[in-house]
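Peer 1: My questions all concern the structure below.
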Amino acid sequence: MADTTSGVRPEQPPSARIDPSVPHPARRYDYWLGGKDNFAADRRSGDAVAAAYPAIRTTVIENRRFMQRATRYLAGTAGVRQFLDIGTGIPTSPNLHEIAQEIAADSRVAYVDNDPIVLAHARALLTSKPEGATAYVDADLRDPERILSHPEVRATIDFDRPVGLMLVAILHFLTDADDPHGITRRLIEALPSGSYVVISHATTDLVPREVAATAAPVTTTSMIDMAFRTSGEVAAFLDGLELVPPGISPITEWHSDAPPEHRTPAAQASMYGVVARKP
């Protein structure tokens, strides 16, 4: 029997934390990508965003492509062999470890998310090559100490060697009250020299003024708070780091392998992407 006299409540099992009446960013993202692992609340939230910004489905597809290109850069050009991916989302192939391990089979990836559905899919689908490793950690970005000290993270990631910290489409779910810059700074402090940070972040900088004006109201109708930040505000997450050229740019343009005339316009995927190195 659980001890109820100490005032410490036992942690709920993941399945007990699934509330289908409340939308979750990962399940809403899955809905936009055409997946089936979402509830009515996620679809209502997704439709509210799409009503204000019809290009949202293009945006999430382009964000996945940015993640894939950034991973190839880290695993290939930069030679990174360890990745800490926070805000993993429901698996959509190719996943980060598949890309990294295609380049270097011994790549190791710790996936972190706070949605039990994401973790269930991750454990079932994100199978590492035998030379490498994958771990799946139940934690929230708002609690960086739990992430950094988690036994599965520690068993997978050697913080004495360079790490690729992936914060892809996650920081905009932290409002200023959450202290996103402090959280990011704590994570970066734990990384050794030669590590990299990858960020993609929603912005209204790249859309027409009339579209930007709908951004604040839609966070209410979608039932999920979002913070749209400028390029300067995104740069503040990376103080003291060396930006990989071209620096902070629209996700459709960062190391794109498509000719300019075939790229999705920035206004159709209004997110910044950036990769930075810790000296």
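The values are calculated or read from the model by the stated rules, or taken from the named source; none is laboratory data. On a predicted model such as this, the values are computed, not experimentally measured, just so you know. No Cβ is skipped: glycine too gets one built from the backbone with ideal geometry, and neighbour counts run over all protein chains shown. Heads up: the accessible areas ignore ligands, DNA and RNA and are worked out on the full protein's heavy atoms, side chains in. Shrake-Rupley method; radii C 1.70, N 1.55, O 1.52, S 1.80 Å.
Peer 1: Loop only by DSSP, 14 or fewer other Cβ within 10 Å of the Cβ. Give me the chymotrypsin sites (Phe, Trp or Tyr not before Pro) in segment 193-279 that pass, ordered by residue number.
Peer 2: Numbers: sites: 196, 228, 237, 254, 272; in loops: 228, 254.
Hits after loop and neighbour filter: nothing returned.
Peer 1: Same structure again: At q = 0.08 Å⁻¹, what log₁₀ I(q)/I(0) does segment 19-278 have when each alpha carbon counts as one equal point scatterer in the Debye sum?
Peer 2: -0.28
Peer 1: Can you give me the long-range amide H partners of residue 196? Hydrogens built in the peptide plane at 1.01 Å from N, cutoff under 5 Å, separation of 5 or more residues or another chain.
Peer 2: Under 5 Å from the amide H of residue 196: 163, 164, 165, 278.
Peer 1: Next question, about the same structure. Skipping prolines and chain starts, which residues have an amide H placed within reach, meaning under 5 Å, of the one on residue 137, given they are 5 or more residues away or on another chain?
Peer 2: For residue 137, whose amide H was placed from the backbone, the distant partners under 5 Å are 111, 112, 113.
Peer 1: Calculate the translational D of segment 58-120 in whole µm² s⁻¹ from Stokes-Einstein, where the hydrodynamic radius comes from the Kirkwood formula applied to all Cα pairs, the temperature is 37 °C and the viscosity 0.692 mPa s. It would help to have the intermediate numbers written out before the result.
Peer 2: Details: Rh = 12.1 Å.
Reported coefficient: 271 µm²/s.
Peer 1: With all protein chains present, how much of the accessible area of segment 19-278 (probe radius 1.4 Å) comes from carbon and sulfur, to the nearest whole percent? Walk me through the intermediate numbers first.
Peer 2: Values: 5620 of 10780 Å².
Answer for segment 19-278 is 52 percent, counting heavy atoms of protein chains only.
Peer 1: In terms of the Cα gyration tensor, with a ≥ b ≥ c the square roots of its eigenvalues, is segment 16-125 rounded because a/c is under 1.5, prolate because a/b exceeds b/c, or oblate?
Peer 2: Details: a/c = 2.96, a/b = 1.61, b/c = 1.84.
Verdict is oblate for segment 16-125.
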